[in-house]
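What follows is one structure encoded as structure tokens, with my remarks underneath.
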């Protein structure tokens, strides 16, 4: 299982995460990242990892958990 953690204090509002994984990420009224879901669904790991990888501010962190 993969958990999603976002850090608005790091976010610069580039929106790359929304472009590649809109199912999991959005921008709030201030233009900062918010997670739409707490966990990544099985089979979507690559999509979520791409969003985290392309974030220029490293505002998205994915955590692998048991279960």
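Quick note: the coordinates plus some simple rules give every number you see, no bench work behind them. Since the model is a prediction, treat every value here as computed from it, not as a measurement.
Given the Cα-Cα distance of residue 41 and residue 1 and 0.36 nm per residue of separation, how much length would full extension add, in nm? Write down the numbers at each step before the final one.
Working: separation 40, 0.36 × 40 = 14.40 nm, distance 0.79 nm.
Here the segment from residue 41 to residue 1 would lengthen by 13.6 nm.
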Checklist entry - For helix 45-54, what angle does its Cα long axis make with the longest principal axis of the chain, in degrees from 0 to 90 and rounded to 10? => result 30
Checklist outcome for this item: Per the Kirkwood formula over distinct C-alpha pairs, the hydrodynamic radius of the chain in angstrom is 11.6
Item to check | Of 57, 21, 42, the one that fluctuates the most in a GNM where the chain has Cα springs shorter than 10 Å | outcome: 42
Next on the checklist: How high is the relative contact order of the chain? Use alpha-carbon pairs under 8 Å, at least six apart in sequence, and give a whole percent.
Outcome noted: 47
